[in-house]
Amino acid sequence: MKKNTLKPAIFLAFAFAVTATTISCTPKVQAEADQKFSTEYLAQGQTIFHNSCAKCHDLPDPSEHSDEAWTGILAEMAPKAKLNVTQHEMVYNYIISVKN
Ligand code: HEC
């Protein structure tokens, strides 16, 4: 008898916890996504691009390749330039933000 009265309370507590987690997480994820296209983040991408991508050849023109092509090119070039995952992403976002 006691168990049966407890179950809905446990369920409600669980449902509340899930709802609270979802609500508190959503704005944070959005803020992180916005931050990746912030002026500061893109400026860092530009610096890395200029410093790391003109060592072996001339600095490439962002507009010469499509977004999809850049994904492939950077998958090949980021390791050559010894970029970490964040730097790779910064350079990609910078290139996409300036290309025509
Ligand atoms: C260690 C030397 C090296 C570094 C550093 C380097 N590249 Fe390259 N890159 C190459 C070589 C070699 C080629 C030509 C052969 C090839 O495509 O693999 C090339 C070719 C390219 C091409 C032409 C690809 C095509 O399909 O026309 C682009 C664009 C490019 N690199 C962009 C970059 C960018 C952006 C960076 C910085 C993240 C970078 N590279 C850093 C060596 C380098």
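The values are calculated or read from the model by the stated rules, or taken from the named source; none is laboratory data. None of these values were measured; they are calculated from a predicted model. Cβ sites come from the backbone with ideal geometry, for glycine too, and all protein chains shown count toward neighbours. Protein only, heavy atoms only, side chains kept; ligands, DNA and RNA dropped before computing areas. Shrake-Rupley method; radii C 1.70, N 1.55, O 1.52, S 1.80 Å.
What does the accessible area per residue of region 38-100 come to in Å², with a 1.4 Å probe and no ligands, DNA or RNA counted? Present the calculation step by step, with values, prior to reporting the outcome.
On the way: 3940 Å² over 63 residues.
I get 63 Å² per residue for this part.
Which whole number of Å³ per residue matches the convex hull of the alpha-carbon atoms in region 38-100?
73
About its Cα centre, what dipole magnitude does region 38-100 give when the only charges are +1 on Lys and Arg Cβ and -1 on Asp and Glu Cβ, stated in debye to the nearest 20?
Using Cβ point charges on Lys, Arg, Asp and Glu, region 38-100 gives about 240 debye.
At a 1.4 Å probe radius, which order do Ser38, Ser97 fall into by accessible area, largest first?
Ser97, Ser38
Given a cut-off of under 8 Å on Cα pairs at least six residues apart, what relative contact order in percent is computed for region 38-100?
Rounded, it is 56 percent for region 38-100.
Using the Cβ atoms and a cut-off under 14 Å, what net charge is assigned to the surroundings of Leu74, where Lys and Arg are +1 and Asp and Glu are -1?
My count for the surroundings of Leu74 gives -2.
Tally up the carbon and sulfur contribution to the accessible surface of region 38-100 as a whole percent, 1.4 Å probe, everything protein left in place.
52
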